[in-house]
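Chemist: To start, I am sharing the structure in question, which I have written as structure tokens.
Read-outs throughout are calculated quantities, based only on the coordinates presented, and are distinct from any laboratory measurement. Bear in mind that the values here come from a model prediction, so they are computed numbers and not experimental data. Here the Cβ positions follow ideal geometry from the backbone for every residue, glycine too, while neighbour counts run over all protein chains shown.
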Amino acid sequence: MRVFAQLFEAIDSSTKTSRKVAAMVDYFDRVSDEEKLFAVALLIGNKPKRPVATTSLREWASALAGIPSWLFEESYYAVGDLGETLTLLMPQQSRPEETPTLKAVFATMTALRKYSPMEQRETLYTFWTTLRGTALFLFNKMLTGSLRVGVSRKLVINALARHLDRDEATVAHQLMGKWDPLTTRFTDLFPQQGTALPHHIPYPFYLAYALDREPADLGDINNWLLEKKLDGIRGQLIRRNGELFIWSRGEDLLTDKFPEFGPLTTLLPDGTVIDGEIIPWKDGHPLPFARMQTRIGRKNLSAKMLQEVPLVMVCFDLLEYEGRDIRHEPLLIRRAQLAALIDNPALQRILLRSEEMAFPDWQAAADFRERARQFHCEGLMLKQWQSAYGVGRRKGDWWKWKADPFSIDAVMIYAQSGHGRRANLYTDYTFAVWDGDTLVPFAKAYSGLTDTEIKSLDRWIKQNTVEKFGPVRRVKPVHVFEIGFEGVQASNRHKSGVALRFPRMLRWRLDKTAAEANTKDDLLDLLRLYGQ
Amino acid sequence: MKRLLQVNDRGIYCERADVYIDPWQPVQRALITHAHSDHARRGNGQYLCHHDTAPILTLRLGTDIRIQRVSYGEPIQINGVTFSFHPAGHILGSAQIRVAYKGEIWVVTGDYKLLNDGLSQPYEPVVCHHLITESTFGLPVYAFKSPFAVYKEIKDWWRENQQAGVNTVLLCYALGKAQSILNQLREETDVPILLHGAVANVNGALAARGYHFPGQWMETEPVTKAPKGALILAPPSALGSPWMRRMGNYRVALCSGWMQLRGARRRRGVDKGFVLSDHCDFRQLNEAIDLTGAEHIYVTHGYESQFTRWVREERGLPAEIMNTLYEDMELEEL
């Protein structure tokens, strides 16, 4: 844990990716295979689940620190992170410092779940009073299930590739899937070159950036495959060794959630891997994503639900065919093989091939994109016909070209301080629209402003607070913001009657007064037109 | 009964003597705890402050202001009320102001800290009935180490950066922290120490009081680059300004009590945060209450509602919030 804590500090104290990668390579070169395995798990966010309820953590930490629980909560508001609050409130101990191994800490996290509350508290007191500094902080972050190290998966792969002297694509592939560091060995995860990976392991997903240029700059439209961008769950369907696996992009194994796909075990040939979007589909077109959410969380799927929200996979790529990895082949070839494979009447209730949208020119494509919502999609995907299937997020061959968001001008009425690097800074705002002469809250947003805007707004909030309740301040209804969002649906849990999908601030409308903000009726109009 | 001290729209007011302490609106007669800009504002008819505060007031507010200088412990009678200044340990010349009338004693702490920083006149507790205390870091998550431990961390980091062939930029408040850090670097004569104009100006003003600090002003003309391995002291506002381009290859750290929180450090995008504060942490605030023996506590700028509740509920003392317009200046500029 001591060496890992040093690595964490090195990563945390640098903003340069080259320094972060160098620190990781140096670390991997120094420590044992066992420690490496746990470190990799933490670095890519494969962390143990929160083992103890946070209410217990708060109660026990307050007792140890000798402060009342309200002061613990106030401290938490100021710090903006529970793990860090626990760390800062620990009294300076006279007990000698200990540095357990990462494995011991992981094992503790797993074991804690099964302990009685008394045993949990005793175990935590031991760690809390013998760990120091960064090690204590890391322990508490794991305890609250919120440990994040400031490196992307891409950087970890880069460092591992250098340490293992392998290419990044191989390492990215080997890291796929869910693995538990307590039951895996480093050499299982990264076997000798040439060894086949376990058959359930998915390929790394290829991801697109948002289009950052004029579409005309992409050249002849005929060199591109244009597809509708659908709103579902990106998934990889694997049929190997007589078994079927469905992985989400978040690398969750979702096979059991989608019984519809069961027949594919017999219908698809062995050695097939398909990339696509899993989406609720009925009567020839997609159902809103919200319908999918209602079924994804359930353990047991009723027959009724299966009938009401049937899922399909809209397939857009073929990665493995007859047991061969064909990711290096041009998209044109992969699509042709995909068509040959799934244009089969027996499959058509569950596997659809993504529609190849034909536009005479980019302008026609742009017109479609603008009205994308009318066609049950979020915009377009652009993929170069000659491109290979890449690893991770890359620029150049794949782009997403989403429709502009909906927007509403709203008045800020409440502010709350943020978390992490926004702690102690008012960054989370509640917005309202007019209903007659009262302001009705309808959305919360915290992204979209620049640091300079946040700073000046923070100052304004502190000076224009009307009322405080805990961490929340009611402010004078003065500032107007243009709020963007991706979707709108009716909701009886919200005062305004609507719930928005992914609301964020598009602009601070310093040119508008509160009276010029939109009304609840404007929102309801959007709901009528596009409501899901 | 009217209180000896109370807040009105101009500042902390003593009606009996008709004077203000650290007023934020212009008044006839102002007693100034220390020279930071939120406590010493322009436009007052007369300023009463410690000898070491005076040159900074002149620097910031102009040479034409009227200043009466006092020493620590020297009693000043105004309309039968006795005022005296006592070391607050915050910066050079910073004072707690004691106000006594007919056996009743009030103390306004101004900004203060109990930890000795090696330069500021160390805090001396003043026994009183009524204590008006700041609360900038009035939550138990703020627990500061001795400044000397932090000075060592700073020197070690500077050495580490020198070995890596990069310059070291320390961002800290130009009045107070800059001098207490420089005061620890008198032995480091082999490598250049360079100062932003804001720091150099303060040093220049303090020279009149016999305080001398290492370091050369990095003049704006001619525009020169910092030599390798140098240590540069600048106010936080320099971060991200064109002035920083002259630093060559550098690492930058912020010195402030706020650096106790990870989020505060990351938000500012600095390489390192040194937890160095000229304010009391939670423990020191509590210790000050014990040392003064005060029976009534008034809490001003900072975590006033939280600290007031703590004193009232957990320490059983009558405490109330006193709303003032002082701000936290740790990351602001002169």
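Chemist: What distance in nm separates the simple spin-label points at residue A:325 and residue A:73, each placed 7 Å from Cα in the Cβ direction?
Modeler: 5.4 nm
Chemist: Follow-up question, since we're still on this one. At a 10 Å Cβ-Cβ cut-off, how would you order A:525, A:367, fewest neighbours first? Each step should come with its number before you reach the end.
Modeler: Details: A:525 13, A:367 10.
Sorted ascending by nearby Cβ count, the order is A:367, A:525.
Chemist: Can you give the average number of partner chain beta-carbon atoms within 10 Å of each beta-carbon in peptide A:58-70, as a whole number? Please report the intermediate quantities before stating the final value.
Modeler: On the way: counts 0, 0, 0, 0, 1, 0, 0, 2, 2, 5, 4, 0, 4.
Across the residues of A:58-70, the mean count of other-chain Cβ atoms within 10 Å is 1.
Chemist: Suppose we flag GluC sites (Glu not before Pro) only when DSSP calls them loop and at most 15 other Cβ atoms lie within 10 Å. Which is the longest uninterrupted stretch of chain A? Mind dumping the intermediate values first?
Modeler: Numbers: sites that count: A:97, A:98, A:322, A:355, A:356.
Between the exposed loop sites, the longest stretch runs A:99-321.
Chemist: Moving on. Per DSSP helix of 4 or more residues, -39500 (n - 2.57); summed, then divided by the residues of chain B. What does that give at 222 nm, rounded to the nearest 500?
Modeler: The helix contribution divided over chain B gives -5500 deg cm²/dmol.
Chemist: What average count of beta carbons from other chains do you get within 10 Å of the Cβ of residues in B:299-310?
Modeler: Details: counts 0, 0, 0, 0, 3, 0, 2, 7, 2, 0, 4, 5.
Going residue by residue through B:299-310 and averaging, the value is 2.
Chemist: So which trypsin sites (Lys or Arg not before Pro) in segment A:217-283 pass both tests, a DSSP loop state and at most 16 other Cβ atoms within 10 Å of the Cβ?
Modeler: Details: sites: A:228, A:229, A:234, A:239, A:240, A:249, A:257, A:282; in loops: A:229, A:249.
In loop regions of segment A:217-283 (DSSP not H, G, I, E or B), the sparsely surrounded trypsin sites (Lys or Arg not before Pro) are A:249.
Chemist: Additional query: Quick one: if you stick a label point 7 Å off each Cα along the C-beta vector at residue A:63 and residue A:243, how many nm between them?
Modeler: Inter-label distance under the simple model: 4.5 nm.
Chemist: Now, a different point. Sorted from fewest to most neighbouring beta carbons within 10 Å, what does the list A:522, A:458, B:156 look like? Could you put the intermediate results ahead of the total?
Modeler: Details: A:522 14, A:458 18, B:156 10.
Lowest count first: B:156, A:522, A:458.
Chemist: Once you sort the root eigenvalues of the Cα gyration tensor of segment A:1-92 as a ≥ b ≥ c, which label holds: rounded (a/c under 1.5), prolate (a/b larger than b/c) or oblate (the other case)? Display every interim value, and only then the final one.
Modeler: Numbers: a/c = 2.74, a/b = 2.08, b/c = 1.32.
Taking the square roots of the gyration eigenvalues as a ≥ b ≥ c, segment A:1-92 is prolate.
Chemist: So if I place +1 on the C-beta of Lys and Arg and -1 on the C-beta of Asp and Glu, and nothing else carries charge, what would the dipole magnitude of chain A be about its Cα centre? I want it in debye, nearest 20. Working shown, then result.
Modeler: Working: 72 positive and 66 negative charges, 230 e Å.
Roughly 1100 debye for chain A.
Chemist: With r as the distance between the Cβ atoms of residue B:148 and residue B:104 and R0 = 51 Å, compute the FRET efficiency 1/(1 + (r/R0)^6) and round to 0.05. Walk me through the numbers on the way to the answer.
Modeler: Numbers: r = 38 Å, r/R0 = 0.75.
It comes to 0.85.
Chemist: Nearest 500 deg cm²/dmol is fine: what mean residue ellipticity at 222 nm does chain A get from its DSSP H runs of n ≥ 4 alone, each adding -39,500 (n - 2.57), divided by its residue count?
Modeler: Working: 19 runs with 189 residues, N = 532.
For chain A, the value works out to -10500 deg cm²/dmol.
Chemist: Once you measure Cβ to Cβ distances between cysteines in chain B, which Cys have no partner under 4.7 Å?
Modeler: B:14, B:49, B:128, B:280
Chemist: For segment B:147-274, rounded, prolate or oblate, judged on the Cα gyration tensor with a ≥ b ≥ c (square roots of eigenvalues), a/c < 1.5 rounded, else prolate if a/b > b/c?
Modeler: On the way: a/c = 1.31, a/b = 1.15, b/c = 1.13.
It is rounded, given that a/c, with a ≥ b ≥ c, falls under 1.5.
Chemist: Same structure, new question: Can you compute the modelled spin-label distance between residue B:189 and residue B:9, with each label point 7 Å from Cα toward Cβ, in nm?
Modeler: Roughly 5.8 nm, to one decimal.
Chemist: OK, next. Roughly how many debye, to the nearest 20, is the charge dipole of segment A:1-113 about its Cα centre, given +1 on each Lys and Arg Cβ, -1 on each Asp and Glu Cβ, and no other charges?
Modeler: Working: 13 positive and 14 negative charges, 62 e Å.
Using Cβ point charges on Lys, Arg, Asp and Glu, segment A:1-113 gives about 300 debye.
Chemist: Per 0.36 nm of contour for each residue apart, how much would the distance between residue A:530 and residue A:361 grow if the chain were fully extended, relative to their Cα-Cα spacing?
Modeler: Details: separation 169, 0.36 × 169 = 60.84 nm, distance 2.76 nm.
Between residue A:530 and residue A:361, full extension yields an extra 58.1 nm.
Chemist: For a label point 7 Å from the Cα of residue A:34 along Cα→C-beta, name the residues of segment A:172-216 whose backbone N is under 16 Å from it.
Modeler: A:181-188
Chemist: Taking the Cα centre of segment A:216-367 as origin, work out the dipole magnitude from +1 charges on Lys and Arg Cβ and -1 charges on Asp and Glu Cβ, in debye rounded to 20.
Modeler: 760 debye
Chemist: Here is a follow-up. What number of lysine-lysine pairs in segment A:206-402 show an alpha-carbon separation below 24 angstrom, given a sequence spacing of 8 or more or placement on distinct chains?
Modeler: 20
Chemist: What percent do you get for the relative contact order of chain B when only Cα pairs under 8 Å and 6+ apart count?
Modeler: Values: 764 pairs, mean separation 59.0, N = 334.
Result for chain B is 18 percent.
Chemist: To continue, here is another question. Taking loop as defined by DSSP and a crowding limit of 15 other beta carbons within 10 Å, which GluC sites (Glu not before Pro) in segment B:107-197 fit?
Modeler: Working: sites: B:134, B:153, B:160, B:187, B:188; in loops: B:187, B:188.
Filter output for segment B:107-197: B:187, B:188.
Chemist: Give or take rounding to whole Å, what are the principal axis extents of the alpha carbon atoms in the protein assembly as shown, in descending order?
Modeler: Result for the protein assembly as shown: principal-axis Cα extents of 103, 67, 66 Å.
Chemist: Starting from segment A:418-504, pick out the trypsin sites (Lys or Arg not before Pro) whose DSSP state is loop and whose Cβ has at most 10 other Cβ atoms within 10 Å. Can you show the working numbers first?
Modeler: Details: sites: A:421, A:422, A:444, A:455, A:459, A:462, A:468, A:473, A:474, A:493, A:495, A:501, A:504; in loops: A:493, A:495.
When the trypsin sites (Lys or Arg not before Pro) of segment A:418-504 are filtered for loop state and at most 10 Cβ neighbours within 10 Å, A:493 remain.
Chemist: Near residue B:225, which lysines are there with a Cα under 26 Å away, not counting those fewer than 8 places off in the same chain?
Modeler: Straight-line reach from residue B:225, under 26 Å: A:16, B:155, B:177, B:272.
Chemist: Now for a different question. Be a star and scan segment B:248-277 for residues whose amide nitrogen sits under 14 Å from the point 7 Å along the Cα-to-Cβ vector of residue B:237.
Modeler: Under cut-off, by backbone N: nothing.
Chemist: Listing A:321, B:20 from the residue with the fewest other Cβ atoms within 10 Å to the one with the most, what is the order? Write out the running numbers ahead of the final one.
Modeler: Numbers: A:321 20, B:20 24.
Least crowded to most crowded, the residues run A:321, B:20.
Chemist: Given a Förster radius of 56 Å and the C-beta distance between residue A:516 and residue A:192 as r, what FRET efficiency does 1/(1 + (r/R0)^6) yield to the nearest 0.05? Intermediate results must be reported in sequence, preceding the final value.
Modeler: Working: r = 67 Å, r/R0 = 1.20.
That gives a FRET efficiency of 0.25.
Chemist: What residue among A:125, A:503, A:517 has its Cα farthest toward the positive end of the dipole of chain A, where the charges are +1 on Lys, Arg and -1 on Asp, Glu, each on the Cβ?
Modeler: A:125
Chemist: Let's test the formula: R0 of 51 Å, r as the Cβ-Cβ distance of residue A:455 and residue A:301. What FRET efficiency results, to the nearest 0.05?
Modeler: 0.55
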